[in-house]
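Below: the structure, in structure tokens.
The values are calculated or read from the model by the stated rules, or taken from the named source; none is laboratory data. Computed from a prediction, not measured in an experiment: that's the story for all the values here. Glycine gets a Cβ as well: all are built from the backbone with ideal geometry, and neighbour counts include every protein chain shown. When the accessible area is computed, the model is the full protein with side chains, heavy atoms only, and any ligands, DNA or RNA have been set aside. Shrake-Rupley method; radii C 1.70, N 1.55, O 1.52, S 1.80 Å.
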Amino acid sequence: MIPYSKQTVTFLDAIYVAMQVRFKSLTQGKEIQKFEESVAKYVGAKFAVAVSSATAGLHLSHLALEVPVGSKVITSPISFVASANSILYAGLVPVFIDVELKTGNISIEKLSEKLKEEVISTVVPVHYAGAPCDMKAISKICKEREIHIIEDAAHALGGNYESGEKIGSCKYSNITVFSFHPVKSITTGEGGMITTNSEDLYYKLLKLRSHGIQRNGTQFQNPILGNTNGKPNPWYYEMDSIGYHYRMTEIQAALGYSQMKKIDKFINKRKKLAARYDRITAGNKYFKSIQQNTRMLSANHLYPIQIDFTKINKSRNEIMLKLRQKGVMTQVHYLPIPLHPYYEKLGYSTYNLPNTMNFYFQILSIPIYPNLGKLE
Ligand SMILES: Cc1ncc(COP(=O)(O)O)c(C=O)c1O
């Protein structure tokens, strides 16, 4: 069976992880720092914070920005539920705007309109399928109103903006968040990474990821308990705000560090496969590929095609089952978030999101991953 996506883990990755487990630390050691530094360097950001998942990373990012509880946050309805759930975790209110049919990314026009209508604290653009949103335009509109930007780049490690920088360099945003779930650009089993250029956010994120505990003596709020005769007490730490346990293990970080050595190879392979699909789908009457304009910038995490199911007189269900019988798995990315029963109960709908609904009705992701086509 060919899945729509899967991890590519090599023998050397496995050896590197085994050495970590057998001989080195399992948690809170140097491997996490090594992995963080390798991602920060790769994307061109000053700081990186490894976390247990991108969902955790998004949650902490909202908290670190310290916007008042109840503030409104714009995100994409064409995304995994975590993009919106993390907004709710932080006591904020998700606001969905329509996407562009050609890309599945949020519409700049709709964003502009919404910012005129409502007070928004943060925008969370999702780089759908790994293709960059128009971050230059998004940042320009947001800057005028001092609105924060958190890039949901769960799909997009290895991708570039139109201006050339790597997604995650935070050229246009406060924070970027990546996912290392097995189907993503690289994997740590489960895991995520937050990147930022703000030192202030970096230290807040480090503390939030580990219970809200402060270990830096110069920051202690209770120096009497923290010191003896002016010298810091070696056992002492203090919790000065509420935090979470969202740390990544050293075992995961070892896998991530080893995987980072292959990121360019993985992304190039994805680009080649996507370009090949582009050639095959070109000129087809019944289905077309999307995001061709950003193909060479995209991390090509997914390869979604748009199918006119009415024209072919077959349902998506029939097509998926037929392909499965032939050993090819496909997937729909995504059921619009407002249509999940939890969000419907909160009062959300896709009433004002016509492109979102059209996109959802037509989309199907066909297999793409670095080892596709290789016998394993
Ligand atoms: C767009 C998007 N955002 C966030 C997430 C959450 O990532 P994680 O599974 O690492 O928490 C995902 C996961 O697939 C995703 O697709």
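Take the residues in the range 226-239 that are open to solvent by less than 100 Å² (accessible area, probe 1.4 Å) and in contact (Cβ under 8 Å) with a residue 12 or more places away in the chain, then tell me which one is nearest to the chain's Cα centre (by Cα). Among those that are open to solvent by less than 100 Å² (accessible area, probe 1.4 Å) and in contact (Cβ under 8 Å) with a residue 12 or more places away in the chain, it is GLU238. Restricted to the range 78-90, and to residues there that are in contact with a Pro (Cβ under 9 Å, 6 or more places away or on another chain) and open to solvent by 10 Å² or more (accessible area, probe 1.4 Å), the residue that is farthest from the ligand (Cβ to nearest atom) is LEU88.
Within the bounds of the range 127-137, is there any residue that is farther than 14 Å from ARG295 by Cα, open to solvent by less than 10 Å² (accessible area, probe 1.4 Å) and without any contact (Cβ under 8 Å) to a residue 60 or more places away in the chain? Yes, because at least one residue in the range 127-137 is farther than 14 Å from ARG295 by Cα, open to solvent by less than 10 Å² (accessible area, probe 1.4 Å) and without any contact (Cβ under 8 Å) to a residue 60 or more places away in the chain. Can you tell me how many residues in the range 83-124 are under 18 Å from LEU346 (Cβ atoms) and polar (S, T, N, Q)? Qualifying residue count for the region: 3.
Being open to solvent by 90 Å² or more (accessible area, probe 1.4 Å) and more than 17 Å from ILE32 (Cα to Cα) is the filter; apply it to the range 200-217 and report the residue that is farthest from the chain's Cα centre (by Cα). It would help to see each step written out before you state the result.
To start, the set of residues in the range 200-217 that are open to solvent by 90 Å² or more (accessible area, probe 1.4 Å) comprises 200, 203, 215.
Narrowing the set further to residues that are more than 17 Å from ILE32 (Cα to Cα) leaves 200, 215.
Values: ASP200: 22, ARG215: 29 Å.
That would be ARG215.
Residue-level check: of (1) modelled with pLDDT under 95; (2) open to solvent by 40 Å² or more (accessible area, probe 1.4 Å), PHE220 misses just (2).
Among the strands (runs of 3 or more DSSP E) confined wholly to the range 145-259, which include 1 or more residues that are of a type in the set (D, E, K, R) and within 15 Å of the ligand (Cβ to nearest atom)?
On the way: elements: 148-152, 175-179, 192-196.
Once the strands (runs of 3 or more DSSP E) in the range 145-259 are filtered for at least 1 residues that are of a type in the set (D, E, K, R) and within 15 Å of the ligand (Cβ to nearest atom), what remains is 148-152.
Among the residues of the range 10-24, is any closer than 20 Å to HIS301 by Cβ and either loosely packed, with under 14 Cβ neighbours inside 10 Å or without any contact (Cβ under 8 Å) to a residue 12 or more places away in the chain (or both)? Write out each step before concluding.
Within the range 10-24, the subset closer than 20 Å to HIS301 by Cβ is 10, 13.
Now drop any that are not either loosely packed, with under 14 Cβ neighbours inside 10 Å or without any contact (Cβ under 8 Å) to a residue 12 or more places away in the chain (or both), which leaves 10.
Taking every residue of the range 10-24 in turn, at least one turns out to be closer than 20 Å to HIS301 by Cβ and either loosely packed, with under 14 Cβ neighbours inside 10 Å or without any contact (Cβ under 8 Å) to a residue 12 or more places away in the chain (or both).
When the range 263-304 is filtered for residues that are more than 15 Å from ALA156 (Cα to Cα), open to solvent by 10 Å² or more (accessible area, probe 1.4 Å) and in a loop (DSSP other than H, G, I, E, B), the ones remaining, listed by number, are ALA282, GLY283, ASN284, LYS285, TYR286.
You will find that of VAL123, VAL99, the residue that is surrounded by 24 or more Cβ atoms within 10 Å (Cβ to Cβ) and in contact with a Cys (Cβ under 9 Å, 6 or more places away or on another chain) is VAL123 and no other. Of all residues in the range 340-362, those that are modelled with pLDDT of 95 or more have Cβ atoms under 6 Å from Cβ atoms of residues that are acidic (Asp, Glu), 6 or more apart or on another chain, in LEU353/ASP98; ASN355/ASP98; THR356/ASP98.
Hey, could you check the range 38-77 for residues that are within 11 Å of the ligand (Cβ to nearest atom) and touching a helix residue (DSSP H, G or I) at 6+ places or on another chain (Cβ under 6 Å) and say which is most open to solvent (accessible area, probe 1.4 Å)?
Applying the first criterion (within 11 Å of the ligand (Cβ to nearest atom)) to the range 38-77 yields 51-59, 75-76.
Filter once more, keeping what is touching a helix residue (DSSP H, G or I) at 6+ places or on another chain (Cβ under 6 Å): 51, 55, 58-59, 75.
Values: VAL51: 0, THR55: 38, LEU58: 4, HIS59: 7, THR75: 0 Å².
The extreme case among them is THR55.
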